[in-house]
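Below is one structure, written out as structure tokens; comments come after it.
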Amino acid sequence: MPNQQSMSNEPSIGQPISRLEGYHKVTGTAKYAGEYNAPDLLYGYIVNSSITKGKIKSIDTTEAKKMSGVVEVFTHENRPSTAWFDFQYADMDAPPGTVFKPLKDNDIQYNGQPIALVIAETFEMARYAATKMQIVYEEEEFETDLNASLDLVRKPKKGLASLLKPPPPKPTGDFEKVYQDSFVRVDNHFSHGTEHHNPLEMYASTVIYEGNGKLKIYDKTQGTINSQLYVANVFGLKMKNVQVISPFVGGAFGSGLRPQHQLFMAVMASLALKRHVRVTLDRAQMYLIGHRPPTLQHLKFGADQRGKLNAIYHKAIGETSQFEDYVEIVVNWSNMLYPAENVRLEHEIVPLDVYSPLDMRAPGGSTGMHAIEVTMDEIAYKLQIDPLELRLINYSEIDKSSDKTYSSKELRSCYLQGAEKFGWDKRNPAPRSMRRGHKLVGYGMATGIWDANRIFGRAQAIMTPDGKVEIKSAVTDIGTGTLTIMTQIAADTLGMSIEDITFSYADSKMPFAPIQGGSFTTATIGPAVQNACHALNKKLFKLAKNIKGSVLSSSKLQDVIFKDGFISLKNNLDQKISILEIFQEHGGEAIKTTNSAMPNPLTYGKKAKAVHSAVFVEVEVDEELGTIEVKRAVTAVAAGKIINPKTAESQILGGMIWGISKALHEETILDHQFGRYMNANLAEYHIPVHADIQDLEVLFVDEEDHFVNDLGVKGVGEIGGVGIPPAITNAIFHATGRRIYELPIHFDKLL
Ligand code: MOS
């Protein structure tokens, strides 16, 4: 499709180009993992444990196997030996502990644990046969209630995951003393419910059995190479014999960061039966894999008369499973923002009989920042200081928790521009002072912060004799706009128009990319694409110089520009050589280069790196009904250079909607009598509908960060969600004078 938004003689970076794959998505031609077909494809349906803890005494598959169309039933009793269960393996997002091993033995560790896989010629047949299984359990006592198990609290083990999820920094100063002596003290307890990702696209893996131990797998994942590593390691296959492809991902938000059991099941069956196999989960089964854990938080903030914080205590307790120590960064943020000298931060976990929690958008950040920014709001009220003013009083150019300066921090501009756009000055500071008809109106604000991470990535650039370029990287595009912005980055680096560039991605055979998460994809893969394009330019230039009688023969790389199919001298644009001519001289062969990019290990750790936001929200509360409406919200974001304002805005809007959802709607309820989630469906798991989403505005303040990378980008995604829940909570207080310390805030909490 022609993309009419681009103009070849203008830089593509900075233009609001629509998603290049948008046409495929809206016309239904985009194929998702569970939609790839193959001749004689077999279908798997997973049987789940109906108890929470205990043993399978017997599992009788006779009747299920007899049914027409049923090919095989796998349980722990006949699990093929291809799976390496003694092998210690951790995926790229695994917390410390032991990766869950489906069908390992007869042990049941959580409700809904997969205990069998029925393979049949149709999905319906497999699902029906699954009801014919005869399973006898021996039940044991279990515990799923965080509040009832606080005696089990302990520190998490350290592990691989702490690279991107550092433990809380060591205490500084003397918190207890300074807190006791503080002019104003706030002591708050917060409680957050469980949430599930609920992407539109459900977990699915279609495994194409190519013979000789070779598999091609269409998987719902945020990391093709992560799934490839899992399959190769767990099943003892050669890496080159496992190809994982995932060009379209129908929502992820963290749900696709780890290989999950449907992938294991599909591969196991495919290898055992030497057939093509697809395993998909249904909506209810989506609640059996990972979730944002419920958490309890305790905060004590002390400030002086002017509002300057001098003592910070923040402790979080999160749920985890019995086999992995899942942690998220709940408590590290306050001292990154506010430079108090006396600080104690702690994060502990309680192992329960549940499946491991899983990163869910802005893991830890959206939980911790809610508690921090609501506590800040209370300090503002106690001292009768405007909440925005209180943030400015505590503004810091350094990250006090590490005593490092920020690589860039335009948060002040976010506060000021966001406040201006919102009309914060029209707020009457007194609670219950603003009304519209019979409804109470409240204004609330909050700060957002998220890590600006960058890791290692690779990309390849291939120019063909027609002068067109293909860029390759194994990275996925989980709906964020990665395909589009990588195309823009390549176009500008090569001096070409985006129409002449194809970005090929989401295939594990392509150059290495880590999982797509943590808002670090653009900062990680963008520089790899840029490096590959620079290297391609260099090769072309060398060839151009070597052409007989070349006008560039005595020039250097920095003397030329690459533009619209020519290499020209900067100070004399008529002196140029066309790319087509270079190819003729080169013998018409494609020119390829593969390059890596990573931060400089000697300098990268010397600065603190974060993205920031300021959020302003207006709510209307109907006191008689308890209903809360978010009438409008403004998020001002500082996230480094914005490659594509349209896809970046969509990211932030999505985050804001998720934030509204977290504040007012989403919660999975566990029945501790059964150890099972009771509202495992989209009718009873509340998410916002159109009427819940009203006037949302995003603005990006000017910021470039050339410390993180040459492109100047940091990254958007999670930052869209972190500031909204506290801003809503604070607006509800302003409207009603009622402070709610639990999320979600359903109307019953206001009655
Ligand atoms: Mo995000 S929770 O790293 O997909």
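The values are calculated or read from the model by the stated rules, or taken from the named source; none is laboratory data. Computed from a prediction, not measured in an experiment: that's the story for all the values here. Methodologically, a virtual Cβ is constructed for each residue, glycine included, from the backbone with ideal geometry; neighbour enumeration extends over all protein chains shown. Just so you know, the surface numbers come from the protein's heavy atoms only, side chains and all, with ligands and any DNA or RNA stripped out. Shrake-Rupley method; radii C 1.70, N 1.55, O 1.52, S 1.80 Å.
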Q.
Can you return the aspartates and glutamates within cross-link range of Lys576? Criterion is Cα-Cα under 16 Å, with same-chain partners fewer than 8 residues away left out.
A. Asp559, Asp564, Glu585
Q) What nm value, rounded to one decimal, do you get for the distance between Asp671 and Lys238 when each label is placed 7 Å out toward the C-beta? A) 5.2
**Q.** Per-residue ³J(HN,Hα) for the range 488-503, Karplus 6.51 cos²θ - 1.76 cosθ + 1.60, θ = phi - 60°, Hz, x for Gly and Pro
**A.** 5, 4, 5, 4, 5, 5, 8, x, 10, 8, 5, 5, 8, 10, 10, 9
Q: Quick one: dipole size for the range 576-626, taken about the Cα centre, charges +1 on Lys/Arg Cβ and -1 on Asp/Glu Cβ, in debye to the nearest 20.
A: 900
Q | Backbone HN-Hα couplings from phi across the range 577-584 [Karplus 6.51/-1.76/1.60, Hz, Gly and Pro as x] | A | 10, 7, 4, 4, 5, 4, 5, 4
Q: Quote to one decimal, in nm, the extra length available between Glu141 and Asp174 on full extension: 0.36 nm per residue of separation minus the C-alpha distance between them.
A: 7.6 nm
Q: Add +1 for every Lys or Arg and -1 for every Asp or Glu among the other residues with Cβ under 11 Å from the Cβ of Gly368, and state the total.
A: -1
Q | His690-Ser433 FRET efficiency (beta carbon distance; Förster radius 35 Å; 0.05 resolution) | A | 0.70
Q. For the range 135-205, which chymotrypsin sites (Phe, Trp or Tyr not before Pro) are both in a DSSP coil and crowded by at most 16 other Cβ atoms within 10 Å?
A. Phe183
Q: Grab the beta carbon distance between Thr603 and Glu742, set R0 = 51 Å, and tell me the FRET efficiency rounded to 0.05.
A: 0.75
Q) When only DSSP loop residues count, what chymotrypsin sites (Phe, Trp or Tyr not before Pro) in the range 1-101 have their Cβ near at most 14 other Cβ atoms within 10 Å? A) Trp84, Phe85, Phe87
Q) For the chain, what is the calculated [θ] at 222 nm in deg cm²/dmol (nearest 500), taking -39500 (n - 2.57) for each run of four or more DSSP H residues and dividing by its residue count? A) -7000 deg cm²/dmol
(Q) Under 5 Å between amide hydrogens, which residues at least 5 positions from Asn644 or on another chain qualify, with H placed 1.01 Å from N in the peptide plane? (A) Gly14
Q.
Quick check for you: with a 1.4 Å probe and neighbouring chains kept, what is the accessible area per residue of the chain, in Å²?
A. 39
Q | In Hz, Karplus ³J(HN,Hα) per residue of the range 355-367 (6.51, -1.76, 1.60; θ = phi - 60°; x = Gly, Pro) | A | 6, 4, x, 9, 3, 10, 2, 6, x, x, x, 6, 7
Q) Across the Cα atoms of the chain, what radius of gyration and what greatest pairwise Cα-Cα distance (Dmax) are found, in Å? A) 27.4, 86
(Q) Which chymotrypsin sites (Phe, Trp or Tyr not before Pro) in the range 345-443 sit in a loop by DSSP (not H, G, I, E or B) and have at most 15 other Cβ atoms within 10 Å of their own Cβ? (A) Tyr395
**Q.** Relative frequency of Cα-Cα separations exceeding 18 Å in the range 19-78, percent
**A.** 60
Q: Assuming R0 = 45 Å, can you tell me the calculated FRET efficiency for the pair Leu580 and Lys509, based on Cβ-Cβ distance, to the nearest 0.05?
A: 0.90
(Q) Could you work out how much longer the chain between Leu573 and Ser149 gets when fully extended? Use 0.36 nm per residue separation minus the Cα distance between them, nm to one decimal. (A) 145.3 nm
Q) Expressed in nm to one decimal, what extension gain is obtained for the pair His76 and Lys404 from 0.36 nm per residue of sequence separation less their Cα-Cα distance? A) 112.9 nm
Q: Enumerate the lysines that Lys409 could reach by cross-link, defined here as Cα to Cα under 19 Å, with residues fewer than 8 away along the same chain left out.
A: Lys400, Lys606, Lys607, Lys609, Lys641, Lys714
Q: Could you work out the relative contact order of the chain, using alpha carbon pairs under 8 angstrom and six or more residues apart, expressed as a whole percent?
A: 17
Q: May I ask which of Lys216/Lys538; Lys315/Lys404; Lys101/Lys170; Lys157/Lys216; Lys25/Lys646 have a Cα-Cα span longer than 25 Å here?
A: Lys216/Lys538; Lys101/Lys170; Lys157/Lys216
(Q) Can you tell me which aspartates and glutamates have their Cα less than 13 Å from the Cα of Lys31? Leave out same-chain residues fewer than eight positions away. (A) Glu21, Glu201, Asp219
Q. Residues with beta-carbon under 14 Å from that of Arg432, excluding Arg432: net charge, scoring Lys, Arg +1 and Asp, Glu -1?
A. +3
